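The values are calculated or read from the model by the stated rules, or taken from the named source; none is laboratory data. In this text, all values refer to a predicted model and were calculated from it rather than measured experimentally. Glycine gets a Cβ as well: all are built from the backbone with ideal geometry, and neighbour counts include every protein chain shown. Ligands, DNA and RNA are stripped out before the accessible areas are found, and what is left, the full protein with its side chains, is counted by its heavy atoms. Shrake-Rupley method; radii C 1.70, N 1.55, O 1.52, S 1.80 Å.
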Amino acid sequence: MNNKTKISASVLAADFTNLKSELNKVNKHVDFYHIDVMDGHFVPNITMGPDIANTVKKITKKKLDVHLMITNPEKYFKTFNMADSITFHIETGNINKKISQLKRMKKKVGLAINPETDIKKLLPYLKKIDKAFIMSVHPGFAGQKFIKSSLKKVKTVKDYTIKHDLKTKIEVDGGIGPSTYKTVLASGADILAVGAALFRNKNLPKFVKQVRSFKF
Ligand code: DX5
Ligand code: ZN
């Protein structure tokens with residue numbers, strides 16, 4: 001298959017003591033920036049909000065993907081109006097209403113699913129969303145180990161999109177690096193959200209080149 005893989009840089013893994021130089025380091029290698037928003041309730045960690053998202057946008061000028069790992073994400077959709085795409089979790093319920101709200105805001109819609117949630121729950125929404133967003137770690141922290149069973153979920157979504165002739169993209173998030181990217185791409189991912197393997201990688205250009213040139 002042609003490799004048109006997109007890379008979304010997960011800012012959570014950056015060194016915040018020097019955010020500007022961290023972003024400048026990865027900027028020419030990536031397509032988008034991924035902003036992990038956590039509330040200490042939906043996940044056991046608290047991270048960043050709209051101020052950091054706006055700062056990233058100012059520094060880089062690239063499109064932002066906001067990943068909302070929060071309860072009641074709809075309360076904050078408008079707060080993240082700077083984003084090109086907004087992803088919320090299927091586990092938060094009332095999916096159709098949330099999709100409509102984001103569409104009215106003209107945002108690309110991502111629907112995320114946690115490792116322990118059955119992928120069958122996501123399939124009925126595929127025709128209505130822009131991105132199926134498959135978590136390959138338990139959301140909460142950057143730098144965790146990739147959960148292999150998520151590959152099967154990627155394949156299930158890919159097969160469904162082919163069967164139903166859908167253009168829905170597949171994004172995978174968590175634990176993606178030099179030893180895992182090949183199987184993720186070969187399973188059908190279009191977009192990789194990557195944190196540690198970009199910001200904490202001494203050989204970042206080599207890794208990005210491998211990802212972009214991998215034939216599968
Ligand atoms: C996990 C976040 C991920 C994570 C990715 O809760 O949603 O975006 O920061 O970072 P790595 O690639 O380091 O797992
Ligand atoms: Zn994320």
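Taking the condition touching a residue at least 40 places away in the same chain (Cβ under 8 Å) and exposed (fewer than 15 other Cβ atoms within 10 Å of the Cβ), does residue 127 pass?
yes
I'm trying to understand the selection: among the residues of the stretch 198-216, which are free of Cβ contacts under 8 Å to residues at least 40 places away in the same chain and surrounded by 12 or more Cβ atoms within 10 Å (Cβ to Cβ)? Let's see the steps before the verdict.
Taking the stretch 198-216 as the starting set, the residues that turn out to be free of Cβ contacts under 8 Å to residues at least 40 places away in the same chain are 201-203, 206-207, 209-210.
Passing the criteria: 201, 207, 209, 210.
Within the stretch 98-116, does at least one residue satisfy the condition of being at pLDDT 95 or above, β-branched (Val, Ile, Thr) and open to solvent by 20 Å² or more (accessible area, probe 1.4 Å)? Don't jump to the end; show me each part of the working.
Residues of the stretch 98-116 that are at pLDDT 95 or above, as a first pass: 98-116.
If we keep only those that are β-branched (Val, Ile, Thr) too, we end up with 99, 109, 113.
Retained after the next criterion (residues that are open to solvent by 20 Å² or more (accessible area, probe 1.4 Å)): none.
Taking every residue of the stretch 98-116 in turn, none turns out to be at pLDDT 95 or above, β-branched (Val, Ile, Thr) and open to solvent by 20 Å² or more (accessible area, probe 1.4 Å).
Name the pairs whose Cβ atoms lie under 8 Å apart, with the first residue in the stretch 31-50 and touching a residue at least 40 places away in the same chain (Cβ under 8 Å) and within 14 Å of residue 72 (Cβ to Cβ), the second more than 10 Å from ligand 2 (Cβ to nearest atom) and part of a strand (DSSP E or B), and 6 or more positions between them or separate chains?
From residues that are touching a residue at least 40 places away in the same chain (Cβ under 8 Å) and within 14 Å of residue 72 (Cβ to Cβ), the pairs are 38/46; 42/89.
Working carefully through the options 2, 81, find the one that is modelled with pLDDT under 95 and on the phi < 0 side of the Ramachandran plot. It would help to see each step written out before you state the result.
Working: 81 fails: modelled with pLDDT under 95.
Within the list 2, 81, the selection yields 2.
If only one of 24, 18, 94 is open to solvent by 40 Å² or more (accessible area, probe 1.4 Å), of a type outside the set (Lys, Arg) and on the phi > 0 side of the Ramachandran plot, which one is it? Before the answer, list the steps.
Numbers: 24 fails: on the phi > 0 side of the Ramachandran plot; 18 fails: on the phi > 0 side of the Ramachandran plot.
After applying the criteria, what remains is 94.
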